[in-house]
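Undergrad: Sharing a structure below in structure tokens format, with a few things to ask.
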Amino acid sequence: MNVLLEAEDLDVRYGDFQALSGVGVRVGEGGALALVGANGAGKTTLLRTIAGAHRPARGRIRFAGADVTDSPPHQRVRAGIALVPEGRRLFPSLTAEENIRVGAVRARPGAWTLPRLYEVFPLIARCRTRRAALLSGGEQQAVAIARALASGPRLLLLDEISLGLAPAVVDGLYGALAELRATGTAVILVEQDLDRALAACHDLVCLLEGRVALSGPTDRLPRDQVIGAYFGSV
Ligand code: ATP
């Protein structure tokens, strides 16, 4: 499998606080990586660093054969990296469809069209003319994912999409992700529900206090070992 994203030896600091130390991850074309770890382990920081929102103090990020370490976020979107941020961050006074169109501003050729997005997320089709502020949590999360897809990503970074949603709604979102994966889009998924993460992804990285505590293919990592790495007891 061709390597799509390779982040090596990343250090990221917030002032004096070092949030990531020597972190490396690798995702192949069409691959799926679960990023797990306790609160504050550095998962969001890693996704945001890959998306270009944080500049690492050390380390390199290569994407699709190019070094993007110094590229601003909008260039990374153009290159095919899209982030679905924690908390969704929709524009509350815009409609669902207007929010999705925001994501299409820097769309790559072949990006998902609105009709295609409505097919994959029927719940958005039903509420596309409603303001984001009035949507349910599940509808808002679907819109946030659709907005990222509207840019035509080759790699989708998903930060805790299940947070605060009913299990049936989360099932629907994961069903849509499976369709997305079938089109060859790679994903990095931050997920608190370890079983969902293990089921949805080929590979796993567990962070502990800003370092990689465990990594490998999900079919070769016993669940107990992942839980041990999560709590720092291995
Ligand atoms: P969670 O599951 O709670 O979202 P996380 O694994 O995503 O956690 P991060 O949000 O990446 O972790 O945070 C990693 C560490 O960096 C935490 O100790 C956090 O307090 C700290 N941190 C995050 N953002 C900032 C910031 N803007 N300024 C200072 N420290 C920060």
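Undergrad: Where does each of 145, 81, 227 land when they are ranked from fewest to most other beta-carbon atoms within 10 angstrom?
TA: 227, 145, 81
Undergrad: Here's a follow-up. In whole Hz, with x marking every Gly and Pro, tabulate ³J(HN,Hα) for the stretch 114-123 from phi via Karplus 6.51 cos²θ - 1.76 cosθ + 1.60, θ = phi - 60°.
TA: Ordered by residue, 3J(HN,Hα) equals 4, x, 5, 5, 5, 5, 6, 10, x, 5 Hz.
Undergrad: A follow-up question, please. Note the per residue figure in Å³ for the convex hull of the C-alpha positions in the chain. Let's see the in-between values first.
TA: On the way: hull volume 27.9 nm³, N = 234.
That works out to 119 Å³ per residue.
Undergrad: With the crude spin-label approximation of a point 7 Å out along Cα→Cβ, what separation in nm comes out for residue 171 versus residue 93?
TA: Between residue 171 and residue 93, the label points sit 3.9 nm apart.
Undergrad: Can you give me the P(r) profile for the stretch 88-152? Cα pairs, bins 5 angstrom wide beginning at 0, each as a whole percent.
TA: That works out to 4, 23, 35, 24, 12, 3, 0, in percent per bin.
Undergrad: Here is a follow-up. Relative to the present Cα-Cα distance, how much length would full extension add between residue 119 and residue 192 at 0.36 nm per residue of separation?
TA: Working: separation 73, 0.36 × 73 = 26.28 nm, distance 2.77 nm.
Between residue 119 and residue 192, full extension yields an extra 23.5 nm.
Undergrad: Remind me, relative contact order of the chain in percent, using alpha carbon pairs under 8 angstrom and six or more residues apart?
TA: After rounding, I find 27 percent.
Undergrad: Taking the C-alpha atoms of the stretch 108-231, how large are the radius of gyration and the largest Cα-Cα span, Dmax, in Å?
TA: In Å, with Rg to one decimal and Dmax whole: 15.8, 47.
Where a number appears in this text, it was derived from the coordinates with a stated rule and is not lab data. All figures in this text were calculated on a predicted structure; none of them were measured in a lab. Ideal geometry is used to build each Cβ from the backbone, glycine not excepted, and the neighbour counts take in all protein chains shown.
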